[in-house]
Amino acid sequence: MSKPKITPLGDRVLVKHVEEDEQIKGGIIIPDSAKEKSQEAEVVGLGTGKKDDDGKNIGFQVKKGDKVLISKYGGTEVKLDDVEYQLVREDDILGIIG
């Protein structure tokens, strides 16, 4: 995977959705336009971090390469070189998978 040309700022995290395996139940194929996006994503970039009241940086709890579960409606979708990313605040990350 090539490095994206987007650098998140502040407490934002750049993630790329993990593709889910297509499951066919009862012989019905659901078109891509009707599928919901996966809430599972991989962290591909980190901002500079949040600052506390004294101006000191608070480190991220996630790191590049982590598989995370993100909020369903959080963040901003970004498309770059035909690859879809999402910029989310660290608060929109619900947990680390694995």
> With each label point set 7 Å from Cα along the Cα-Cβ vector, what nm distance links D82 and I96?
Replying inline: 3.4
> Computed FRET efficiency, Cβ-Cβ of V18 and D52, R0 35 Å: what is it to the nearest 0.05?
Replying inline: 0.65
> Which of the residue pairs K5/K64; K5/K56; K51/K79; K37/K79; K16/K50; K16/K56 have a Cα-Cα distance greater than 23 Å in the structure shown?
Replying inline: K5/K56; K51/K79; K16/K56
> Quick one: E84, E40, fewest Cβ neighbours within 10 Å first, how do they rank?
Replying inline: E84, E40
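No lab work stands behind these numbers, since they all come straight from the coordinates. What you see is a predicted model; the values in this text were computed from it and never measured. Here Cβ is always computed from backbone atoms with ideal geometry, including for glycine, and neighbour counts include all displayed protein chains.
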